[in-house]
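**Q** Structure incoming, see below.
The values are calculated or read from the model by the stated rules, or taken from the named source; none is laboratory data. Everything quoted here is computed from the prediction, not taken from an experiment. FYI the Cβ positions are ideal-geometry reconstructions off the backbone, even for glycines, and counts take in every protein chain you see. Side chains included, ligands, DNA and RNA excluded: accessible areas come from the protein's heavy atoms. Shrake-Rupley method; radii C 1.70, N 1.55, O 1.52, S 1.80 Å.
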Protein chains: 4
Amino acid sequence: MPEETTNAEITSRIQASFDRQVFMKTVGARLVSVGSGQVTIEWPFRSELTQQHGFLHAGVVAAVVDSACGYAALTMMPPDAAVLSVEFKVNLLKPAAGTHFRAIGKVIRAGRTLTVCGGEVHAHLDGKDSVIAIMQATMMAVRDSNGLVD
Amino acid sequence: MPEETTNAEITSRIQASFDRQVFMKTVGARLVSVGSGQVTIEWPFRSELTQQHGFLHAGVVAAVVDSACGYAALTMMPPDAAVLSVEFKVNLLKPAAGTHFRAIGKVIRAGRTLTVCGGEVHAHLDGKDSVIAIMQATMMAVRDSNGLVD
Amino acid sequence: MPEETTNAEITSRIQASFDRQVFMKTVGARLVSVGSGQVTIEWPFRSELTQQHGFLHAGVVAAVVDSACGYAALTMMPPDAAVLSVEFKVNLLKPAAGTHFRAIGKVIRAGRTLTVCGGEVHAHLDGKDSVIAIMQATMMAVRDSNGLVD
Amino acid sequence: MPEETTNAEITSRIQASFDRQVFMKTVGARLVSVGSGQVTIEWPFRSELTQQHGFLHAGVVAAVVDSACGYAALTMMPPDAAVLSVEFKVNLLKPAAGTHFRAIGKVIRAGRTLTVCGGEVHAHLDGKDSVIAIMQATMMAVRDSNGLVD
């Protein structure tokens, strides 16, 4: 019996988990690609998600790239593992102005318990694409979703 | 003519800015206190804001404490300044399980251009209160809201 | 047979580990207090440790407060555990000017595998004490010192 | 009269600043390349720089990659500017075991006041090279080296 997880299995496992992230629905985000150690999520501008200057709230930007990093980490974890964010750090390079946004999460180093990821967020505005935020994050493989720092 | 900004003026300026943060409405957050260098925001659990395990999404937690830190910084900036987040780092201490949440942002060091803040997020569950996340953040005073890293 | 670790045992275990940190000798640092979840280290200004403006190099500041945070975490780990830094984030509040420095590491949340710490560094100059840097860090309990992210 | 700074001028300005970083001498570090927005520093293992398990202290790793990031930022600043680290975040991917180390700092986004950099540190051991740490950092252009967060 094959123990190896096929790519299709990983993708469908991540799609199912993503579909349970109700906040991603609130944001209007969709999973656009799942590769080994890399996940891309896209979403449109929505006025419900803005801060005081009319740009996307930095926390929304952080939320989507955190999800992208978490799922990138999950692609390299055992099939029975769940993923939780231990910590993340975001640098906001430009105001989050755009009609569409794309968050890319990549695994930098996968370990048995901890996986370190890098993420970036692109904004699409007036036919141009620019990086508006970068993330450096630590993800944790958990068997029991109740124990984050455990 | 007094040049000093009264507390009431600061509070009303921050309340007005907070009211323009449409994402805070989406979260159901309200500004509960504004002091010199300290701001508290509270919000209820909402299923629209959850991740795959039914807890609040880490990005939502980050978003509200980022707002609390940003406004804490703004209390110590000149009246004509706006505030933008340069970067923030969040450690997630426990899953964000609770019926109500409270984010507290505090100024640690206020400078002319940059202000460093510390934040924490409390969850209220079954009559108990616990700290679920901490933030360390850099905020920037801007005269022109178009120039984040400028 | 008592399983409880006494304070004296913890202190002597941490002092022994600190004495093996050759870099702390290079810095001239000494362990001045070890409490449950809190460790303080002090060191003098040394010109060998400076950056281009004659202040202490930010990396030296980070190194000592990282050691203080790591040992603070170790006070709350089982006797057979070693501690390794998973990640840390430092905000530099002021140039590191002073004749003496003090780093304080405190446990914010201790878990079975990961412990989150906060640290601060004080500089003493002209009879005045000020906080020059703060740290937010994640420490890991390891049984095998070869596996950092594992 | 040409206002443009030539590459040779930038390199010699950075070499001069690096030579004033006494801590880099203590580490045994040398500047091996300076390009537009990218700086590489190398250094050998030295037992004076170790932590309790005989690996390089994480703070030394942070110090050198902080210098690499700072100088990378300086390559894109005006000739009269100095650079100071506002904050940095390091993820330690593996124990710092090696005979030689190399830190590479790169500018991700250069602004008028703030520049965001990414860094990585490679260790060379037994003919193999691996990334042992990554950094995400914010650097600030200052005209007056006394005002870090100002």
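**Q** Using Cα-Cα distances under 8 Å and only pairs 6 or more residues apart, what relative contact order does the stretch C:27-145 have, in percent?
**A** That works out to 28 percent.
**Q** Next question. At 1.4 Å probe size, with every protein chain present, just tell me what the per residue accessible area of the protein assembly as shown comes to in Å².
**A** Per residue, the protein assembly as shown has 39 Å² of solvent-accessible surface.
**Q** Against the longest principal axis of chain B, how steep is helix B:58-74, in degrees 0 to 90 to the nearest 10, with axes from Cα atoms?
**A** 20 degrees
**Q** Also, quick follow-up: Can you give the net charge of the other residues whose Cβ lies under 11 Å from the Cβ of C:Thr40, counting K and R as +1 and D and E as -1?
**A** The answer is +1.
**Q** Could you work out the local net charge near C:Gly105, counting Lys and Arg as +1, Asp and Glu as -1, over the other residues with Cβ closer than 9 Å to its Cβ?
**A** Neighbour charge sum, excluding C:Gly105 itself: -1.
**Q** A follow-up question, please. Using 7 Å Cα-to-Cβ label points, what is the B:Arg112/C:Ser47 separation (nm, one decimal)?
**A** 3.1 nm
**Q** Also, quick follow-up: Would you mind classifying the protein assembly as shown by shape? Square roots of the alpha carbon gyration tensor eigenvalues, ordered a ≥ b ≥ c; an a/c under 1.5 is rounded, otherwise it is prolate if a/b is larger than b/c and oblate if not.
**A** Rounded is the answer for the protein assembly as shown, as its axis ratio a/c remains below 1.5.
**Q** Which one of B:Thr11, B:Thr40, B:Thr115 has the biggest mean-square fluctuation once chain B is modelled by GNM with Cα springs under 10 Å?
**A** B:Thr11
**Q** Let me ask you something else. Rounded, prolate or oblate: which fits chain D when a ≥ b ≥ c are the square roots of the eigenvalues of the alpha-carbon gyration tensor, with rounded for a/c under 1.5 and prolate only if a/b beats b/c?
**A** Prolate, because a/c is 1.5 or more and a/b exceeds b/c.
**Q** Another question, if that's okay. Looking at the stretch A:69-150, which trypsin sites (Lys or Arg not before Pro) are DSSP coil and have at most 10 other C-beta atoms within 10 Å of their C-beta?
**A** Passing both the DSSP loop test and the Cβ count: A:Arg143.
**Q** Using a cut-off of 28 Å between alpha-carbon atoms, which lysines can reach B:Lys25, once sequence neighbours fewer than 8 places away in the same chain are excluded?
**A** Reachable lysines: A:Lys25, A:Lys89, A:Lys94, B:Lys89, B:Lys94, B:Lys106, B:Lys128.
**Q** Charges at C-beta only: +1 for Lys and Arg, -1 for Asp and Glu. How large is the resulting dipole of the stretch B:34-143 about its Cα centre, in Debye rounded to 20?
**A** 240 debye
**Q** Would you mind telling me which residue in B:Ala137, B:Ala97, B:Ala72 has the biggest mean-square fluctuation in a Gaussian network model of chain B, where springs connect alpha carbons within a distance under 10 angstrom?
**A** Ranking B:Ala137, B:Ala97, B:Ala72 by mean-square fluctuation puts B:Ala97 first.
**Q** Per-residue ellipticity at 222 nm for chain A, helices alone: DSSP H runs ≥ 4 residues times -39500 (n - 2.57), over residue total, nearest 500 deg cm²/dmol?
**A** It lands at -7500 deg cm²/dmol.
**Q** What are the trypsin sites (Lys or Arg not before Pro) within the stretch A:1-76 that DSSP puts in a loop, where the Cβ has at most 15 other Cβ atoms within 10 Å?
**A** A:Arg46
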